[in-house]
Amino acid sequence: MRSRLSLLSLSGLAVGTAILAAGTFVRPMSGQPRAAQNGAAKASGQSDSKSSANAATPQDSAAIPKRIEDYLRKYYAWGPNYQLKVGTPKQSPIGDLYEVPVDVSTEGGSDSAVVYVSKDGHYMVRGDMQDLGADPLAENLSKLNLQGAASKGPADAKVVLVEFGDLECPVCRQLDYILRAVLPKYPQVRLVFKDFPLESIHPWAMTASTTGRCVLQQSSDAFWKYHDAVYDNQDVISPENAYDKLTELAVQAGANADKLKACVADPKTQEEVRQTMAEGKALGVDATPTTFVDGRRLVGPDQALLEQYIQYDSH
């Protein structure tokens, strides 16, 4: 399902028990807990107000990236095999915080995040900053390009589901089975499928995607038959038989074999798939399936949440 650092990633941990530990929105980055520092201040005869004043003193922003790196490496046990790049702090939309990009990579995966750091270099906040004056879905919607994508349902649908999926992904198969049960209940919904093959972990996913695009060029109905047939036959498809088996399923779905093979062999077909992957990455897609319901992100096969989104937008 994931192509990135999974549980070692910033995004994978921050929502749970990492930087946002125990539901706390800030973490001290000093060597001592905050309470211990205050205690030390009192022991030296300093008042609480004076200690607070000292804590608020701005720190040289050039020193903050190193402090962030030291903290994150220790917290996540990121040793020398992890490449950690902490960017230059810049002014955040909130006046008293710096905004700092963080990228981490190791063999087989990578991740990125933005952290916010108090200007005294003492506290770090991990999370998304939201503009309450803007439409919360507008940015995602502006990045979704539906032209030329496989779709079914009314063209003027009130609710549009855009799935970034991988035909070799078992979790995507779970979502497909859910959609087969759910969509007949909501005829006002349009489903759009966009290829996002996770090549690093799914060796025949790209072949399945390129074959699917070639089927789509011939017939939308044939594509959806092929789409479902690949999921139904995942367990019998292997890297060794993928080309022949996928071609067989495509022809059974209604594709012309000669046209199909010529299209699959054309490098432009794979480039079209990569363009769709780039679109997904621009939307922050890093796992499959990721579905956007009228712009709302939904990761995984969560039927209850899927129907909640559909019902909300259907009114």
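Just one of the listed residues (183, 161, 175, 191) is outside any loop (DSSP other than H, G, I, E, B), more than 19 Å from the chain's Cα centre (by Cα), in the same structural domain as residue 304 (by TED's automatic domain parsing) and closer than 22 Å to residue 286 by Cα, and it is 191.
Any residue at all in segment 280-289 that is assigned to a helix (DSSP H, G or I) and not aliphatic (A, V, I, L, M)? Within segment 280-289, one or more residues are assigned to a helix (DSSP H, G or I) and not aliphatic (A, V, I, L, M). Is it true that residue 307 is without any contact (Cβ under 8 Å) to a residue 40 or more places away in the chain, farther than 20 Å from residue 138 by Cβ and over 20 Å from the mean Cα position of the chain (by Cα)? No; evaluated as a whole, the condition is false for this residue.
Applying a threshold of 7 Å to beta carbon distances and a minimum spacing of six or more residues, or different chains, the list of pairs starting in segment 84-102 at a residue that is closer than 19 Å to residue 112 by Cβ and without any contact (Cβ under 8 Å) to a residue 60 or more places away in the chain and ending at one that is among the aromatic types (Phe, Trp, Tyr) and buried (at least 18 other Cβ atoms within 10 Å of the Cβ) reads 89/98; 90/98; 92/98; 92/116; 97/116; 98/116; 99/116.
Being surrounded by fewer than 16 Cβ atoms within 10 Å (Cβ to Cβ) and of a type in the set (Asp, Glu) is a property that residue 103 has. Which pairs do you get when a residue that is free of Cβ contacts under 8 Å to residues at least 60 places away in the same chain, found in segment 233-259, comes within reach of a residue that is assigned to a helix (DSSP H, G or I) and surrounded by fewer than 12 Cβ atoms within 10 Å (Cβ to Cβ), reach meaning Cβ atoms under 6 angstrom, with the pair 6+ apart or on two chains? Short answer, once both residue conditions are applied: 251/257.
Among the residues making up segment 121-156, those that are more than 17 Å from the chain's Cα centre (by Cα), surrounded by 15 or more Cβ atoms within 10 Å (Cβ to Cβ) and assigned to a loop (DSSP other than H, G, I, E, B) are 121, 122, 149, 153.
Going through (1) out of contact with any Phe, Trp or Tyr (no Cβ under 9 Å at 6 or more places or on another chain); (2) among the hydrophobic types (A, V, I, L, M, F, W, C); (3) buried (at least 21 other Cβ atoms within 10 Å of the Cβ) one by one, residue 236 falls short only on (3).
May I ask you to verify whether residue 270 is touching a residue at least 60 places away in the same chain (Cβ under 8 Å) and touching a Ser or Thr at 6+ places or on another chain (Cβ under 6 Å)? Answer is yes for this residue. Hey, can you tell me all the residues within segment 127-153 that are modelled with pLDDT under 95 and farther than 20 Å from residue 282 by Cα? 132, 133 - these are the residues of segment 127-153 that are modelled with pLDDT under 95 and farther than 20 Å from residue 282 by Cα. Whenever a residue of segment 200-213 is touching a residue at least 24 places away in the same chain (Cβ under 8 Å), its partners that are of a type in the set (Gly, Ala, Ser), lying with C-beta atoms within less than 6 angstrom and at least six residues away or across chains, give the pairs 200/3; 204/242; 207/242; 211/250.
Taking the criterion of being surrounded by fewer than 20 Cβ atoms within 10 Å (Cβ to Cβ), outside the structural domain of residue 301 (by TED's automatic domain parsing) and in a loop (DSSP other than H, G, I, E, B), would at least one residue in segment 106-117 satisfy it? Taking every residue of segment 106-117 in turn, at least one turns out to be surrounded by fewer than 20 Cβ atoms within 10 Å (Cβ to Cβ), outside the structural domain of residue 301 (by TED's automatic domain parsing) and in a loop (DSSP other than H, G, I, E, B).
For segment 109-136, a residue qualifies if it is hydrophobic (A, V, I, L, M, F, W, C) and under 26 Å from residue 198 (Cα atoms), and the qualifying residues are 113, 114.
The values are calculated or read from the model by the stated rules, or taken from the named source; none is laboratory data. Computed from a predicted structure; not experimentally measured. So basically every Cβ, Gly included, is an ideal-geometry build from the backbone, and we count neighbours across all protein chains shown.
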